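The values are calculated or read from the model by the stated rules, or taken from the named source; none is laboratory data. Remember, it's a predicted structure, so these values are computed and weren't measured experimentally. Backbone-built Cβ (ideal geometry, glycine too); neighbour counts: all protein chains shown. To get the accessible areas, we keep the full protein, side chains included, count just its heavy atoms, and leave off ligands, DNA and RNA. Shrake-Rupley method; radii C 1.70, N 1.55, O 1.52, S 1.80 Å.
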Amino acid sequence: MSNARQIIAMLRSRAEGDDESFFSIALQIAASEARQGRRQSAEEMRAEIDKARAKDARGASVPIQFSQPRGSVEGLLEMREPRFKLRDVVLGDVLLTKIDDILRQQRKRDWLREHGRFPTRRILFVGPPGSGKTMSAEALAGELSLPLFVIRLDSLITRFMGETASKLRLVFDETAKRRGVYLFDEFDAVGGHRTATNDVAEMRRVLNSFLQFMEEASSTDSIIICSTNHPSLLDRALLRRYDQVLEFDAPSSEQIRKLILANTAPLRAPRIAWKIVCAGAEGLSQAEVVRAIDDAVKTAILDQREHITTEDIMSRLRERHNMRTAFIDADI
Ligand code: ADP
């Protein structure tokens, strides 16, 4: 952005009372000053911004708007206030390391920008349903104290047939105006040319717009996450646009144990035969294991017991396996 455009954008955000955009643009100017070797004025600007932010927030951290989107984007994205932190999500070490890295880059994004680098901000989540993709997006938002905006692509495409690309433009404009975590759910609807409508020309248009918007996203301070159950359906040109790909998988035995222990409250779970339980949970997703343990806990509460047993858990796990088979049969 040129300086004149940055000043116009600042004036606009000021008039709209959008302090977060105002400070974010000011920081971008400070970063470009630093890149051009004017370190002292960059430092001065950053110090003034910090002072103004602290005053606005009366000493608290930067204020972020947690309100439902209004105006043209209303109804295109659903805002959720994050309920989770990273410690609530049961994940493998590789995933945790990648998420920690993303968080670190986001927290130090001004510093990276001053050195002419962008933080990781376009991320693809790949993995089976119920493996924690949505929950992890929410946890990322929670860790960064940002709102989570969910965009359901399949329903967007069906609802705005022929106009999907222009609706996506509005959503991407919002990512620049309002810092947040933007989760594009059911993303294979775009990359896979596979929707209820089967309109190939429309899907091409949507895909091309998406490719273009993803390129522009380098100037945004928001995090853009696309989530899919079917990576094989995604277009290669699209896959190249991501800064990072996170692969989610079925839970390991250790993760099954953690999922169960994290969900037994207010009951206790002494003397659980973990080998049997982990074998019983094999083939189920994280979400199904959590549902099973939730049902087991509710039954034990109603029975006025203080503990849950291996058999309580096993019977609910069997129930989940049966439901899965029933659904697969129904599919055929
Ligand atoms: P996905 O987006 O991959 O389909 P979700 O994140 O929506 O799955 O998971 C649905 C629910 O299942 C979550 O709200 C949570 O209760 C539980 N769950 C799924 N994965 C995990 C996980 N890795 N750790 C803890 N709970 C999980």
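Give me the net charge of F248's neighbourhood, meaning all other residues with Cβ under 12 Å from the Cβ of F248; Lys, Arg count +1, Asp, Glu -1.
Combined, the nearby Lys, Arg, Asp and Glu give 0.
Restricting to the range 71-247, compute how many DSSP beta bridges are antiparallel as a %, nearest 5.
Percentage antiparallel, nearest 5: 15.
Can you tally the net charge around L148? Count Lys and Arg as +1, Asp and Glu as -1, for every other residue whose Cβ sits under 10 Å from the Cβ of L148.
Surrounding charge for L148 is -1.
For H307, H115, what's the largest-to-smallest order of accessible area, 1.4 Å probe?
If we order H307, H115 from most to least accessible, we get H115, H307.
Can you pull the Rg over Rh of the range 138-177, Cα-only, Kirkwood?
1.09
Counting only C-alpha contacts under 8 Å and six or more residues apart, can you give the relative contact order of the chain as a whole percent?
Computed value for the chain: 17 percent relative contact order.
Among the listed pairs K133/K275; K51/K133; K98/K275; K167/K258, which have their C-alpha atoms separated by more than 32 angstrom in this model?
Numbers: K133/K275 27 Å; K51/K133 37 Å; K98/K275 29 Å; K167/K258 41 Å.
Pairs exceeding the cut-off: K51/K133; K167/K258.
Please state the charge dipole magnitude for the range 4-57, taken about the Cα centre, from unit charges on C-beta atoms (+1 on K and R, -1 on D and E), reported in debye and rounded to the nearest 20.
With Lys and Arg at +1 and Asp and Glu at -1, about 220 debye.
Over the chain, average the accessible area per residue using a 1.4 Å probe and give it in Å², no decimals.
Details: 17530 Å² over 332 residues.
Heavy-atom SASA per residue in the chain reads 53 Å².
Once you list every other residue whose beta carbon is under 12 Å from the beta carbon of I123, what net charge do they have if Lys and Arg are +1 and Asp and Glu are -1?
Details: positive: K98, R121, R122, K133, R241; negative: D101, D243, E247.
So the surrounding residues net to +2.
I'd like to know which of L284, N229, I151 lies farthest towards the positive end of the charge dipole of the chain, counting +1 on Cβ of Lys and Arg and -1 on Cβ of Asp and Glu.
I151
Give me the dipole magnitude in Debye, nearest 20, for the chain about the Cα centre, with unit charges on the beta carbon: positive for Lys and Arg, negative for Asp and Glu.
That gives the chain a dipole magnitude of about 780 debye.
Relative contact order for the range 4-57 using alpha-carbon pairs under 8 Å, separation at least 6, rounded to a whole percent?
In percent, rounded to a whole number, it is 26.
With a 10 Å cut-off between alpha carbons and a GNM built on the chain, which of A31, A262, A292 moves the most?
Of the options given, A262 has the highest mean-square fluctuation.
Percent antiparallel among DSSP beta bridges with both residues in the chain, to the nearest 5?
Percent antiparallel among DSSP bridges in the chain is about 15.
Can you sort F22, F149 by 1.4 Å-probe accessible area, starting with the largest?
Largest to smallest exposure gives the sequence F22, F149.
Angle between the Cα long axis of helix 164-177 and the longest principal axis of the chain, 0 to 90 degrees, nearest 10?
70
Using the Karplus curve 6.51 cos²θ - 1.76 cosθ + 1.60 with θ = phi - 60°, work out ³J(HN,Hα) for each residue of the range 46-51 in order, rounded to whole Hz, and write x for Gly and Pro.
Listing the rounded values in order: 4, 5, 5, 4, 4, 5 Hz.
Ignoring ligands, DNA and RNA, how do S166, S285, S41 rank by accessible area with a 1.4 Å probe, largest first?
S166, S41, S285
With a ≥ b ≥ c the root eigenvalues of the C-alpha gyration tensor of the range 4-57, is it rounded (a/c under 1.5), prolate (a/b larger than b/c) or oblate? Write out the running numbers ahead of the final one.
Working: a/c = 3.25, a/b = 1.34, b/c = 2.43.
Oblate is the answer for the range 4-57, as a/c is 1.5 or above yet b/c matches or exceeds a/b.
What is the range 100-156's relative contact order, in percent, from Cα pairs under 8 angstrom and six or more apart in sequence?
27
Could you state the angle between the C-alpha long axis of helix 133-143 and the longest principal axis of the C-alpha atoms of the chain, as a value from 0 to 90 degrees rounded to the nearest 10?
50
Whole-Hz Karplus ³J(HN,Hα) for the range 100-111, in order, using 6.51 cos²θ - 1.76 cosθ + 1.60 and θ = phi - 60°, x for Gly and Pro?
These are the phi-based 3J(HN,Hα) values: 4, 5, 4, 4, 4, 5, 5, 5, 10, 5, 5, 4 Hz.
Report, in degrees rounded to the nearest 10, the 0 to 90 angle that the Cα long axis of helix 310-331 makes with the longest principal axis of the chain.
Relative to the chain, helix 310-331 is tipped by roughly 70 degrees.
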